[in-house]
Structure formats: C-alpha cells, structure tokens
1. Restricting attention to region 4-24, which residues are open to solvent by 100 Å² or more (accessible area, probe 1.4 Å) and within 16 Å of the chain's Cα centre (by Cα)?
2. Looking at G34, is it open to solvent by less than 60 Å² (accessible area, probe 1.4 Å) and either among the small types (G, A, S) or at pLDDT 95 or above (or both)?
Amino acid sequence: MPVAAILLTTATGIGLVLHGYHWPLDVLASWCLGPLVLAPLWSVSCRSSRRSSG
C-alpha cells in the first residue's frame, strides 16, 4: 500500500508540472513538507489504535 501511495504521489506531481499547473519547486517542496506534516498525525493514529486493541 505505501508503494502505491508513493507512485501515485510522484505521478501526480510530475503531471502537475508537465501540464503547467505548478512549478517544479512547488512540487518538490510539497514532497518534502508532506511527511513532516503527516508524521505527527500518523504517530497519534498508531498510538490510539494500539490503545483500543489492547
């Protein structure tokens, strides 16, 4: 599943640049900032699922 998400994100970013909707630096910045923003959410999600299953 993570591989599919990475492939779709990469393809979407490349498509946005090729069609002129975004600058390459915008897409690169979102690829770098996305994991930083989503990491705390993932951490909280894992912690709450461990708590509810135990």
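The values are calculated or read from the model by the stated rules, or taken from the named source; none is laboratory data. Worth saying up front: this structure is predicted, and the values here are computed from it rather than measured. Accessible surface areas use protein heavy atoms only, side chains included; no ligands, DNA or RNA. Shrake-Rupley method; radii C 1.70, N 1.55, O 1.52, S 1.80 Å.
1. Filtering region 4-24 for residues open to solvent by 100 Å² or more (accessible area, probe 1.4 Å) gives 6-8, 18-19, 21, 23.
Correct list: I6, L7, L8.
2. Numbers: open to solvent by less than 60 Å² (accessible area, probe 1.4 Å): yes; either among the small types (G, A, S) or at pLDDT 95 or above (or both): yes.
It is true that G34 is open to solvent by less than 60 Å² (accessible area, probe 1.4 Å) and either among the small types (G, A, S) or at pLDDT 95 or above (or both).
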